[in-house]
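Report on the following structure.
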Number of protein chains: 4
Amino acid sequence: MCQNVQILGVDRDGAFAQYIAIPESVAWKTGKEIDHSVASIQEPFGNAVHATFAGEIADMTVAVIGCGPIGLWAVGLSRISGSSTIFAIEPNHQRLDIATKMGADYVINPCEVDPVQKVLDVTEGLGVDVVLEMSGNPQAIRQGFKMLRSGGRVSLLGIPSRMVELDLANDIIFKGATVLGISGRRIFDTWYRTRRILEGGQLDLKQVITHTLPFERIHDAMEIMKSGDCGKIVLTFD
Amino acid sequence: MCQNVQILGVDRDGAFAQYIAIPESVAWKTGKEIDHSVASIQEPFGNAVHATFAGEIADMTVAVIGCGPIGLWAVGLSRISGSSTIFAIEPNHQRLDIATKMGADYVINPCEVDPVQKVLDVTEGLGVDVVLEMSGNPQAIRQGFKMLRSGGRVSLLGIPSRMVELDLANDIIFKGATVLGISGRRIFDTWYRTRRILEGGQLDLKQVITHTLPFERIHDAMEIMKSGDCGKIVLTFD
Amino acid sequence: MCQNVQILGVDRDGAFAQYIAIPESVAWKTGKEIDHSVASIQEPFGNAVHATFAGEIADMTVAVIGCGPIGLWAVGLSRISGSSTIFAIEPNHQRLDIATKMGADYVINPCEVDPVQKVLDVTEGLGVDVVLEMSGNPQAIRQGFKMLRSGGRVSLLGIPSRMVELDLANDIIFKGATVLGISGRRIFDTWYRTRRILEGGQLDLKQVITHTLPFERIHDAMEIMKSGDCGKIVLTFD
Amino acid sequence: MCQNVQILGVDRDGAFAQYIAIPESVAWKTGKEIDHSVASIQEPFGNAVHATFAGEIADMTVAVIGCGPIGLWAVGLSRISGSSTIFAIEPNHQRLDIATKMGADYVINPCEVDPVQKVLDVTEGLGVDVVLEMSGNPQAIRQGFKMLRSGGRVSLLGIPSRMVELDLANDIIFKGATVLGISGRRIFDTWYRTRRILEGGQLDLKQVITHTLPFERIHDAMEIMKSGDCGKIVLTFD
């Protein structure tokens, strides 16, 4: 929420450079006991931590829309935090398989099944308590609001590339819904939480890593990412 | 948030009937010391109480968009609850005059002045902490999000008659905003609060009453309401 | 928090009678799929649900002081809700064994080990984020405050039989602590949560049942309870 | 809540020195439009801001116990933030007079009137929603808990010089009370709030200044402070 925030790779040059200088006050020290591959993916994992814990999650019914790495971790975090029923919604089958491993009770491919209808069927018409929107897709966002229970909460994290039309009257106002914009993380609260989860060992972050390639194959890694048939890709150095 | 809510005049016949039956459990007894004209307008006043107190208001900068009766009371409630700067935004001059009486620091006619620019100028570019959206007008809603500070809160109460296009990325997600759908009130928490405010006497609800007519002139009252050149209109019986 | 609350067995005759009449509005229907033994112990389980979820619990370090049935369930609820480290503190060895089964990371017998020192050692001198006080023992309560982290939260549920001396300055004020009195449950929010947990099957309430006796042996059951060498005792009918 | 906090005048040498060095990161710049006498008393005023706004205050019934400068400001802050009924409890008549000026509805001298009985009488036996304890006196603290409503909140700020005996069962647990330890302020949230209140002009901090003396008379000032017959004393330089 800082007025003068500068994100690496967005507001200033990113971290594909050989050296990078950042203010000491924003550096976060990763313990030696943390595996290098986990250390390299903990930045986006922090987004998942921030989004999932932005409100009550224990004992809630949760729909995670969009199962890229952040969505997959949100499934896992909800699981270890006591969510009662977790829906993972995502068109890619490989990602849905990982969502199952992360603990989703229901995986829904929206190209095959109407996700709103499915969620309402399982919840006896009530809808879910919490929607974690990680896709940024306008139609998926609207579906998220339709599957939300009265009095429920939506965390918006996925970034739409254009304006989104919403039915504010029926989907937010009459429902008495709470909508939270989730960006980045809370400094440093989210990092302390992230460290604990890594140390606690209840969640295996590496389940989201689908490919490990030597650094020389960075361009192959980029192609795989563009195809969408992957979770996280980790590059290694000798 | 009740799944089976029935609103008088919306989901079942309304209160223009000579007699009306409601469940005892939802009846609220108004004290004899409350003036009849105040008693007759406390229902919508409860909406203002619920919307204004849905989050922190003391010491906040607040923009109230749409100054019908509910918006005007929201101005007054913010004033007596310690808001630091209050903007009232409304195209009708008569209503803006009442907003000034209710305690608005700045009254803005959006047909004459760009309300977003004005709010940003006064708040040194930050925007307001709280937006209370009472108009339901799609453009006004978008302006509300543009004048919101990062980390701010929007209470949506005005009901749009159609879908509304929003810039979710810039106006909710990157801002880390909280959006609350406000409908009806909390039973009975809001009513206890309402009673206290009426008894406390810090806010004169009647400032919002612009016309008092005998019951026989109900059709005239309806015409005046349609013109928009009024606050609340009270009908009296001999 | 009701001003006129009447607790069965406290404010009016209790449920050892052959028949009992209660207002329909406070009756809670238990599903047929719930085992009778679980149905019979869900009332105190509701206390554990209310106490554990009175504030954030995911990712927190938690000390549960006093491991009678409610304390044991609080251990289990913390475990399935993502607590990072759970300490169970209780002088009875049998109960500590059950606490281990419910998921405690550290079980501490305060007759053998200084619980404050042990908690501070494990937490690197910080203390725990959350103390759930279920013993009502004055010394244990004071120890609870001493093992609390600055900014932490104490839920007081165990009922002391006399006045308790506290070091308010060092243990509450300078720590910026939050202390919550926990009594009964929230009607009906706690019951909905309880139902979900029972249906979800993540927590086996029956682990806390140490004895099952026929109804005719009720006096034996009372003797066992007085000895303290038990968890819950369930009486059965043919 | 910092683990390594160092308070000037407590953990390290205080500000009666001719020069003092503090880390730049904790310095707060006071605007030139702020009167010097106000600037000199804004540090304790920040305590009052933090204590009063630690929970909901609008529309609440509030008892302020102990009307030194911080308590007096808490009365004023409650008044401008919409509290419905404010009780000020304090044995010194001069301070009670200032409490009246700051907006207290009832001023109670506990040497003359039983403050618990008085508060219960006015609130129809319910007690107050909020107690702001600024005295640190053990008996006054116990009275504060007795005059608290079920479900109410106590902010403890006054520092007792010894252990305090409390009736935890009746005064915290069965009441479902929330107790908040209040120490210092939130950096920098409280300071932003403080600045706004000073700029807003709704509260005249200077009403609490009872004496203004030249710096040379610092020892007289100390004597007056010890007598208790004063609010704030400001020392001036030519």
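Quick look at the numbers
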item	result
Whole-number Å³ per residue for the convex hull built on Cα positions in the range D:104-238	167 Å³
Label 7 Å beyond Cα on the Cβ vector: C:Lys101 copy-to-copy distances, nm	3.3, 6.9, 7.2
Inter-part distance where the range C:91-107 and the range A:130-145 are each reduced to a Cα centre, Å	43 Å
Estimated dipole of chain B in Debye, rounded to 20 [Cβ of Lys and Arg +1, of Asp and Glu -1, Cα centre]	400 debye
The range C:39-167: C-alpha gyration tensor shape, a/c 1.5 cut-off, then a/b vs b/c	rounded
Spacing of the two label points (7 Å from each Cα toward its C-beta) at C:Ala39 and D:Asn4, in nm	5.9 nm
Nonlocal amide H pairs with D:Val131, under 5 Å, H built at 1.01 Å	D:Ala63, D:Arg153, D:Val154, D:Ser155
Among C:Leu148, C:Leu198, C:Leu72, residue whose mean-square fluctuation peaks in a GNM of chain C (springs only between Cα atoms under 10 Å)	C:Leu198
Heavy atoms of C:Trp73 accessible to a 1.4 Å probe, total area in Å² rounded to 10	0 Å²
For chain A: relative contact order, % (alpha-carbon pairs under 8 angstrom, 6 or more apart)	18 percent
Cα-based radius of gyration of chain D once divided by 2.2 N^0.38 Å, which approximates compact folds	1.03
The protein assembly as shown - charge dipole about Cα centre, Lys and Arg +1 at Cβ, Asp and Glu -1, debye rounded to 20	0 debye
Prolate/oblate/rounded label for the range D:1-57 (Cα gyration tensor, a/c 1.5)	oblate
Whole-Hz couplings from phi, Karplus 6.51/-1.76/1.60, listed for the range D:20-33; x for Gly and Pro	9, 10, 10, x, 3, 5, 10, 6, 10, 8, 9, x, 5, 6
Heavy-atom SASA rank of B:Phe188, A:Phe215, D:Phe145 (probe 1.4 Å, accessible area, largest first)	A:Phe215, B:Phe188, D:Phe145
Per-residue SASA entry for D:Arg162, accessible area with 1.4 Å probe, Å² rounded to 10	150 Å²
P(r) weight above 17 Å for the range B:23-96, C-alpha pairs, percent	52 percent
Scattering curve values for the protein assembly as shown, log₁₀ I(q)/I(0), Debye with Cα scatterers, q = 0.05 Å⁻¹	-0.33
Contour minus Cα-Cα distance for B:Glu199 and B:Gln94 (0.36 nm per residue)	35.0 nm
Label distances, nm, B:Pro23 versus same residue in remaining copies, Cβ-directed 7 Å point	1.4, 5.5, 5.7
Table column - 3J(HN,Hα) (Hz), the range C:127-132, Karplus curve with 6.51, -1.76, 1.60, x for Gly and Pro	x, 8, 6, 9, 10, 10
Local electrostatic count, C:Gly66, Cβ distance below 14 Å [Lys/Arg +1, Asp/Glu -1]	0
Closest-to-axis residue of chain A (Cβ criterion, axis taking A to D), whole Å	A:Ser25, 5
15 Å beta-carbon shell around D:Val208, net charge (K/R +1, D/E -1)	-1
Sum of side-chain charges, A:Ile98 neighbourhood, beta-carbon under 15 Å (Lys, Arg +1; Asp, Glu -1)	0
Selection from C:Phe16, C:Gly66, C:Ala51, by position along the positive dipole direction of the range C:1-127 (Cβ)	C:Phe16
Gaussian network model of chain A, springs between alpha carbon atoms under 10 Å - residue of A:Gly82, A:Gly136, A:Gly71 with greatest fluctuation	A:Gly82
Sequence of C:Ile159, B:Ile80, C:Ile108 when ordered by accessible area, the most exposed leading, probe 1.4 angstrom	C:Ile159, B:Ile80, C:Ile108
Shortest-first nm distances, D:Thr212 label point to equivalent points in other copies (7 Å, Cα→Cβ)	4.8, 7.3, 8.1
FRET E, pair D:Gln207, B:Asp220, Förster distance 45 Å, beta-carbon r, rounded to 0.05	0.30
Helix-only CD estimate at 222 nm, as mean residue ellipticity for chain C, using -39500 (n - 2.57) per DSSP H run (n ≥ 4)	-10000 deg cm²/dmol
Mean separation of Cα contacts under 8 Å, 6 or more apart, over the residue count of the range C:68-126: relative contact order %	31 percent
Accessible-area order (highest first, 1.4 angstrom probe) of the listed residues B:Glu33, A:Glu43	B:Glu33, A:Glu43
Those residues of the range A:159-190 whose amide nitrogen sits under 15 Å from the label point placed on B:Asp167, 7 Å along Cα→Cβ	A:160-165
Nonlocal amide H pairs with D:Thr236, under 5 Å, H built at 1.01 Å	D:Leu213, D:Phe215
In Hz, Karplus ³J(HN,Hα) per residue of the range B:47-54 (6.51, -1.76, 1.60; θ = phi - 60°; x = Gly, Pro)	4, 5, 4, 4, 5, 5, 9, 6
Solvent accessible area, Å² - D:Ser161, 1.4 Å probe, full protein context	110 Å²
Most mobile listed residue (B:Tyr192, B:Tyr106, B:Tyr19) in chain B, GNM with C-alpha springs under 10 Å	B:Tyr19
Cα centroid separation, the range B:173-229 to the range B:1-57 (Å)	10 Å
Approximate spin-label separation A:Ile20-C:Asp121, in nm, with each point projected 7 Å along Cα-to-Cβ	4.2 nm
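The values are calculated or read from the model by the stated rules, or taken from the named source; none is laboratory data. Everything quoted here is computed from the prediction, not taken from an experiment. Because the Cβ atoms are built from the backbone with ideal geometry, glycine has one as well, and the counts that use them run over all protein chains shown. Just the protein is used for accessible areas: all its heavy atoms, side chains included, with ligands, DNA and RNA removed. Shrake-Rupley method; radii C 1.70, N 1.55, O 1.52, S 1.80 Å.
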